[in-house]
Amino acid sequence: MSSPKSDFLRTLTERGFIHQTSDLDGIDAAAKEGRLTTYVGYDCTGPSLHIGHLLSIIMLHWLQATEAGKPIALMGGGTTRIGDPSGRDSTRQILTTEKIEENKNSIKTAFNRFLTFGNGKLDAVMSDNAEWLPHLNYIDFLRDIGRHFSVNRMLSFDSVKLRLERDQELSFLEFNYMLLQAYDFVELNKRYGCVMQMGGSDQWGNIVNGIDLGRRLGTPQLYALTCPLMMTASGQKMGKTANGAVWLNGDLLAPYDYWQFWRNTEDADVERFLKLFTYLPMDEIAKLAALGGAEINEAKKILATEATAILHGREAAELAAETARVTFEQGELAESLPTVEISAALIDAGLGVLTAFGPEYAKLLPSTSEARRQIKSGGLRVNDKTVTDERGVLRVADLTAEGVVKLSFGKKRHVLLRPV
RNA sequence: GGGGGAAUGUCCCGAGCGGCAAAGGGGGCGGACUGUAAAUCCGCUGCGUAAGCUUCGUAGGUUCGAGUCCUACUUCCCCCA
């Protein structure tokens, strides 16, 4: 197609969101008229979404911001009971319905910062396929939906093919996943006039199945749009911090740590990430991207603050930036660092360093054995002084003027112990 | 139904004559160098502030001593029917 006429497609294209689409012209036209109602589905396999999901959420944001259509966030309350085999070597553990409900409620909270929900034409809605999938009748489903699926073709999909080639188990349960996801698309079309599904590039097959099913059932033309799988410039899969996944929920990953995650972006990724993970205008991004050498750190700080702001709010982002500035640039003690309160009696009696860093208190390290090893390689500091004696003890004399002890693991992770 | 093979350090792959806390990778973490980057180099990578304790699919057995030998069971793969 020529250059896109809709703000929506132009934005996604210039910011690098688009990996694959069906019928670009059709999408463009629908976006221009504001009738591109679009959904993205989210599994409820974990307690929170993580940055792997962020691209699709931001795409929904742009959909709404450019007035291209109504965003639908679909919770996979039903499909999670089956388990998507895509990208999986082995069968997912089957979660209990209680666990799925719990995850779902926790996941939902992340969307409010990105989308405006309500009853208006372009207001976002949250749906849940547990509303319809559990009520399907097996025979009816086979007759109405199953007959449109060719097993020959299903076997050719990567998610299935890989398992078969490697002689890995693929249960009949999982084999049905793609039918249900296809059905979701059609159902959302009926309920909300949804005409497009977006997702990560690994979802392409599943999405196209929905389009095919729609055509066979006489549903209006449906569209697909996928975004690239996020990798860092050095080829690592994105989304890991030292402590695990980069969760979107603040109770699982504090705004400060989230800010740090973005601050540590590789040079080569800065421009790409500014486009994808912030709402900054393109000309401003171009300026930041032009920075070279050590100056690029300024761009990284802006990336971190902007990305944190759209998830946790401006105030939390500024606080994280300030905490980082005091800690890293002035080398001073920032009282807003993550703080663990301990009983004053522990300090009075003298608290062993190994224990203090361990899982019981600062939680910087998973075990005291690990703490011992880190001391040997010089990775632990108390009040910015490297710990050399694994038998060292924290005492009242170690408290700073602020009445805390600063424990550091590596150059980047700090925790304050505050006796109360 | 019959025959053969395999399960190893709770991230993955993977060696392992009866003396093993168990080779080697990958990944991860720390240190050095830098810019809280990448690349590179070095170190660490079961638990325990000591003594020591607990690991090789599960349960028994042989032995001074078992990842290693024997028996049963579980799961997976291959061949035959």
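A few remarks follow.
- Residue satisfying condition, being touching a residue at least 60 places away in the same chain (Cβ under 8 Å), part of a helix (DSSP H, G or I) and surrounded by fewer than 18 Cβ atoms within 10 Å (Cβ to Cβ), within set A:L173, A:L188: A:L173
- Condition check for A:L303: open to solvent by less than 60 Å² (accessible area, probe 1.4 Å) and over 29 Å from A:D384 (Cα atoms): no
- Inspection of the stretch A:299-311 identifies no residue that is within 10 Å of RNA strand B (Cβ to nearest atom), more than 24 Å from the chain's Cα centre (by Cα) and either over 23 Å from A:I58 (Cβ atoms) or of a type outside the set (V, I, T) (or both).
- Within the stretch A:263-279, the set of residues being part of a helix (DSSP H, G or I) and either open to solvent by 60 Å² or more (accessible area, probe 1.4 Å) or near RNA strand B (Cβ under 6 Å from one of its atoms) (or both) comprises A:R263, A:D267, A:A268, A:E271, A:R272.
- Candidate set from the stretch A:192-206 (those that are assigned to a helix (DSSP H, G or I) and modelled with pLDDT under 95); member that is farthest from A:V160 (Cα to Cα): A:S201
- Condition broken by A:R147, with the remaining ones in (1) in a helix (DSSP H, G or I); (2) open to solvent by 80 Å² or more (accessible area, probe 1.4 Å); (3) over 21 Å from A:T219 (Cβ atoms) satisfied: (3)
- Residue in the stretch A:83-92 that is β-branched (V, I, T), at negative phi and modelled with pLDDT of 95 or more present: no
- The helices (runs of 4 or more DSSP H) found wholly in the stretch A:317-399 and carrying at least 2 residues that are open to solvent by 40 Å² or more (accessible area, probe 1.4 Å) and within 10 Å of RNA strand B (Cβ to nearest atom) occupy A:368-376.
- Of everything listed in (1) open to solvent by 30 Å² or more (accessible area, probe 1.4 Å); (2) at pLDDT 95 or above, the single unmet condition for A:T38 is (1).
- Close pairs (9 angstrom Cβ cut-off, 6 or more residues apart or separate chains): more than 10 Å from RNA strand B (Cβ to nearest atom) in the stretch A:405-417, of a type in the set (F, W, Y) anywhere: A:L407/A:F357; A:L407/A:Y361; A:V415/A:F357; A:V415/A:Y361; A:V415/A:F409; A:L417/A:Y361
The values are calculated or read from the model by the stated rules, or taken from the named source; none is laboratory data. A quick note: this is a predicted structure, and the numbers were derived from the prediction, not measured. Glycine also receives a Cβ, built like all others from the backbone with ideal geometry; neighbour counts cover every protein chain displayed. All accessible areas refer to the heavy atoms of the entire protein, side chains included, with ligands and DNA or RNA removed. Shrake-Rupley method; radii C 1.70, N 1.55, O 1.52, S 1.80 Å.
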